């Protein structure tokens, strides 16, 4: 049997990171990196935005938070 504690951190700047422990080392992975890894190859930021905001278009706060998440990818120079 194997168990792993995974924690999602919502940071004060609006970003999200996923924390887990691997070989006794704590790792923090930005949520943008996880999205790009798990979505189909070629998924654009527009696609990600539309999927995350789907159903919440009238709630501007959700859109703003997703924009912060996507801007994190540009800071990391991660485009594919």
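Counting other Cβ atoms within 10 Å as a rough exposure proxy, the listed residues 77, 71 run 77, 71 from fewest neighbours to most.
Every helix of 4 or more DSSP H residues in the chain counts as -39500 (n - 2.57), and over all residues that averages to -12500 deg cm²/dmol at 222 nm.
Comparing 68, 46, 33 in a Gaussian network model of the chain, where Cα atoms under 10 Å apart are tied by springs, the biggest mean-square fluctuation is seen for 46. The modelled label-to-label distance between residue 33 and residue 62, using points 7 Å beyond Cα along the C-beta direction, is 2.8 nm. Within the listed set 11, 70, 28, the Gaussian network model of the chain (springs between alpha-carbon atoms below 10 Å) gives the highest mean-square fluctuation for 11.
Pairs of Cα atoms nearer than 8 Å and 6+ residues apart set the relative contact order; for the range 7-75 it is 28 percent.
The per residue volume of the convex hull around the alpha-carbon atoms of the chain is 132 Å³. Potential lengthening of the chain between residue 51 and residue 23 amounts to 6.7 nm, from the contour at 0.36 nm per residue minus the alpha-carbon distance.
Estimated from the Cβ-Cβ distance and a Förster radius of 22 angstrom, the FRET efficiency linking residue 41 and residue 8 is about 0.35.
Only the coordinates and a few stated rules stand behind these numbers; no lab work does. Nothing here was measured: the structure is a model prediction, and the numbers come from that model. Glycine also receives a Cβ, built like all others from the backbone with ideal geometry; neighbour counts cover every protein chain displayed.
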